[in-house]
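The values are calculated or read from the model by the stated rules, or taken from the named source; none is laboratory data. These numbers were taken from a predicted model, which means no experiment stands behind them. FYI the Cβ positions are ideal-geometry reconstructions off the backbone, even for glycines, and counts take in every protein chain you see.
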Amino acid sequence: KMGKLAEHLARFILSQLLLALEYLHFLGLIHRDIKLENMLVDHVGYVKLADFGMCKWIKHGRTYTICGTAEYLAPEVLNHTGYGLAADWWSFGVLAYEICSGRTP
């Protein structure tokens, strides 16, 4: 865990993750494990999204497999109602909160 970040650093990191997620979703991939531990920082400070082991092709439609990290899972994943790309955005929101506050909600 890295604790609470300054606002300008949080914006920088989250904007890079946002672009990575948009690109994955454009390709039809859902990551399913967006969390702090799956973000790598290079020597210049740029963020790389890592750990694609739970990724799945899901251009349209839903999937029902429960996977990911509990604190970051969207309600529809936990409720077994099926989920799509929006589940990654829920995880992104949890991660944004964590980066800005230093803890998960």
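Annotations for the structure displayed:
- Annotation note: of Val77, Val41, the sole residue that is modelled with pLDDT under 95, closer than 25 Å to Ser101 by Cβ and among the β-branched types (Val, Ile, Thr) is Val41.
- Residues in the stretch 20-36 that are under 16 Å from Ile99 (Cβ atoms) and at pLDDT 95 or above: Ala20, Leu21, Ile34, Lys35.
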